[in-house]
Amino acid sequence: MKNLSIRTLALRHIAVLLLSVLTIIVLSFILLIGQLQEKQQQEHQHKAKLIASNISQLIGFYREITQDLAKQPQVIELIRSGNSEKAQQWSIQTRSLLPNSNGLALLTNDGSFLGNPKSQKVGALCKKDLLLRKEGKLEIMPPIHYPSGKMSHFDIVTPVYLEDKAIGVLFASFSLEIIQRITQQLQHDEEHLLIQTIQQLKVAEVGVHHKNYKHSNITINGSNWVLNSEIPPFKIEGFFTTYLSATLVLLLIIIIATALFAIRLGKIFIQDMQGVKQALAGVQKGEFL
């Protein structure tokens with residue numbers, strides 16, 4: 001068996017130690033990246049849910065407005081009496097008071113408008129969806145419209161009751177611009193946000209679309225609109241620089257500590273060997289006999 005010097009054995013042990021440390025560092029680096037990526041996705045999902053919740057609350061706010069209007073005694077009386085002239089006058093006056101209002105009208109149970117639909121800003125697309133709603137065939141809730149040359153909007157329809165009996169409906173439409181503004185306000189770090197219907201009709205969009213990014217889809221409560229948000233890739237450059245710096249510092253500390261330990265161990269070994277050598281020399285001279 002080949003004899004190995006103390007120096008060779010020490011170098012081998014140091015090499016094994018450094019290799020073990022490097023292996024631990026690489027494995028921890030891979031594990032940490034995975035955990036950070038998962039955390040980033042969880043944080044993104046949480047933010048997307050908050051955005052969807054805010055949009056849902058906005059839709060709910062406009063629903064509450066129409067529900068409050070539908071409960072007004074004046075509205076109930078207008079539908080009950082069927083006075084088209086007064087109903088039209090009411091809708092035009094009230095519309096000017098509603099935030100981001102586009103159209104407002106009262107209808108009877110048979111779908112007839114009280115007043116002129118055109119004067120009350122009720123377009124052909126709105127009429128079509130009102131008919132589909134009555135037949136139970138309306139697919140998009142709330143429905144959205146992009147009429148040519150006119151303001152894009154979404155519609156809300158609320159039943160009007162008299163003594164727990166539906167006597168008609170209140171129709172209201174609101175500009176989609178308010179959804180666009182709120183989406184811009186809720187945007188984080190210029191991320192791409194797209195709100196669309198299940199038929200992929202755009203409701204609002206902010207940011208630049210990236211094809212290769214992962215996507216997160218969340219249905220907005222109170223509607224069948226969907227919030228599509230992009231999950232940006234994990235930025236490994238900054239993390240790698242920080243991690244590499246920390247690793248180099250750690251390795252430097254380990255190398256210095258190992259070197260000091262080896263030097264100290266070497267001194268102790270040399271002292272012991274010198275003691276043994278002196279003892280042997282003494283025996284040879286007969287000093288211990």
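General observations
- In order through the stretch 155-172: 3J(HN,Hα) via Karplus (6.51 cos²θ - 1.76 cosθ + 1.60), integer Hz, x for Gly, Pro: 9, 10, 10, 10, x, 10, 10, 10, 6, 6, 10, 5, 10, x, 9, 10, 9, 9
- Principal axis dimensions, the stretch 89-148 - Cα atoms, whole angstrom, descending: 32, 25, 19
- Gain on full stretching of the segment that runs from Ser28 to Ala15 - 0.36 nm per residue minus C-alpha separation: 2.7 nm
- Put a dot 7 Å past the Cα of Leu131, heading toward its Cβ, do the same for Glu85, and the two dots end up 3.0 nm apart.
- Take the stretch 175-227 with all the other protein chains still there, run a 1.4 Å probe, and you get 57 Å² of accessible area per residue.
- With the convex hull drawn around the C-alpha atoms of the stretch 53-211, the volume per residue stands at 122 Å³.
- A Förster radius of 35 Å, combined with the Cβ-Cβ distance separating Ser96 from Tyr213, puts the computed FRET efficiency at roughly 0.20.
- Long pairs among Lys121/Lys202; Lys118/Lys150; Lys71/Lys118; Lys86/Lys118; Lys128/Lys150, criterion Cα-Cα beyond 20 Å: Lys121/Lys202; Lys71/Lys118
- Summarising the label geometry, the points placed 7 Å from Cα in the beta-carbon direction at Arg181 and Thr108 lie 3.8 nm from one another.
- Mean-position separation - Cα centroids, the stretch 19-92 and the stretch 151-196, in angstrom: 12
- Here the calculated FRET efficiency for Asn116 and Gln35, from their Cβ-Cβ distance with R0 = 51 Å, stands at 0.20, rounded to the nearest 0.05.
The values are calculated or read from the model by the stated rules, or taken from the named source; none is laboratory data. Because the structure is predicted, anything quoted here is derived from the model rather than measured. All Cβ positions, glycine included, derive from the backbone under ideal geometry; neighbour counts span all protein chains shown. We work out accessible area using only protein heavy atoms, side chains counted, and drop any ligands, DNA or RNA first. Shrake-Rupley method; radii C 1.70, N 1.55, O 1.52, S 1.80 Å.
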